[in-house]
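Enquirer: My questions all concern the structure below.
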Amino acid sequence: MSVAARLEELGLNLPEVAAPVAAYVPAAVHSGLVYTSGQLPFAAGALPATGKVGAEVTADEAKDYARTCALNALAAAAAAAGGLEKIGGVLRVGGFVASDPSFTGQPGVINGASEVLGEIFGDAGRHARAAVGVAVLPLDSPVEVEVTFILA
């Protein structure tokens, strides 16, 4: 099944590629891979929330935001690769969670990204991963995700 057909089956729509907030491109293609820049959970051009996970943002909310980040990454990768049909799978996910000092659930938050990529790509969505707690992210976003995709 094509990625586009799978997205439709799941009822998912890819967002417009988010404009960079600094001096970088959303994604770059090199040697059979597409590397995305860190994607924030922009929805309709705005962040749905700001603040630290475990304080202003709940873990469940942050998990949903990580899912949005992954969809934003897929949109950026497809644009850089020349179309969604060029994306064959996922190699690695890097997740960053702006965390309250007492919050230790970063892996559960980044599962939002990993799970949606698994839903979309099946076995080709299995990937290596990092889930890191940080003090602050750009624009005070609670979550940021970067993905390395494999070209089809």
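The values are calculated or read from the model by the stated rules, or taken from the named source; none is laboratory data. Note that the structure is predicted; figures quoted are calculated from it, not measured. Reconstructed Cβ throughout: ideal geometry from the backbone, glycine too, with neighbour counts over all protein chains shown. Only protein heavy atoms, including side chains, enter the accessible area calculation; ligands, DNA and RNA are left aside. Shrake-Rupley method; radii C 1.70, N 1.55, O 1.52, S 1.80 Å.
Enquirer: When the accessible area of the stretch 47-152 is split by element with a 1.4 Å probe, what percent falls to carbon and sulfur?
Expert: Numbers: 2230 of 4290 Å².
Reported share for carbon and sulfur atoms: 52 percent.
Enquirer: Quick check: Cα centre of the stretch 71-140 to Cα centre of the stretch 1-54, how many Å?
Expert: One Cα centre to the other: 9 Å.
Enquirer: Another question, then. Helix by helix through the chain, keep the DSSP H runs that span 30 Å or more along the axis on Cα and average at least -1.0 on Kyte-Doolittle, and give those back in order. Each step should come with its number before you reach the end.
Expert: Numbers: long enough: 59-81 (32 Å, 0.32).
What comes out of the filter, once short or polar helices are dropped, is 59-81.
Enquirer: Also, I was wondering about something else. Helix-only estimate, please: 222 nm mean residue ellipticity of the chain, summing -39500 (n - 2.57) across DSSP H runs of length 4 or more and dividing by its residues, to the nearest 500. Please list the in-between numbers first.
Expert: On the way: 3 runs with 47 residues, N = 152.
Roughly -10000 deg cm²/dmol at 222 nm, from the helical runs in the chain.
Enquirer: Springs between alpha-carbon pairs under 10 angstrom, Gaussian network model over the chain: which of Gly125, Gly95, Gly11 fluctuates most?
Expert: Of the options given, Gly11 has the highest mean-square fluctuation.
Enquirer: Once you charge only the Cβ atoms, +1 for Lys and Arg and -1 for Asp and Glu, what is the size of the charge dipole of the stretch 1-104 about its Cα centre, to the nearest 20 debye?
Expert: Values: 6 positive and 9 negative charges, 65 e Å.
The calculated dipole for the stretch 1-104 is roughly 320 debye.
Enquirer: In the chain, if the dipole is taken from +1 on Lys/Arg beta carbons and -1 on Asp/Glu beta carbons about the Cα centre, which of Ile150, Thr68, Leu10 is farthest to the positive end?
Expert: Result: Ile150.
Enquirer: Please calculate the 1.4 Å probe accessible area of Ser99, with all protein chains present, and give it to the nearest 10 Å².
Expert: Only protein atoms counted, so the area is about 20 Å².
Enquirer: Compute the accessible area per residue over the chain, keeping the other protein chains in place, probe 1.4 Å, unit Å².
Expert: Values: 7120 Å² over 152 residues.
Accessible surface, normalised per residue, equals 47 Å².
Enquirer: Using the Cα centre of the stretch 16-116 as origin and beta-carbon charges of +1 (Lys, Arg) and -1 (Asp, Glu), tell me which of Ser114, Ala98, Gly32 is placed farthest towards the positive end of the dipole.
Expert: Gly32
Enquirer: Which residue fluctuates the most in the chain, going by a Gaussian network model with Cα springs under 10 Å, if the choices are Leu117, Leu33, Leu12?
Expert: Sorting by GNM fluctuation, first place goes to Leu12.
Enquirer: Compute the relative contact order of the chain as a whole-number percentage, counting only Cα pairs closer than 8 Å that sit 6 or more residues apart in sequence. Intermediate results must be reported in sequence, preceding the final value.
Expert: Working: 339 pairs, mean separation 50.3, N = 152.
It rounds to 33 percent for the chain.
Enquirer: Shifting gears a bit: Obtain the nm distance between the two label points defined at Thr50 and Lys86 by a simple spin-label model: each point lies 7 Å from its Cα along the Cα-to-C-beta direction.
Expert: Taking the simple label geometry, Thr50 and Lys86 are separated by 3.5 nm.
Enquirer: Gly88's amide H: which non-local residues (gap 5+, or another chain) put their own amide H closer than 5 Å, with H modeled 1.01 Å from N in plane and none for Pro or chain starts?
Expert: Amide H neighbours of Gly88, under 5 Å, 5+ apart: Ile150, Leu151, Ala152.
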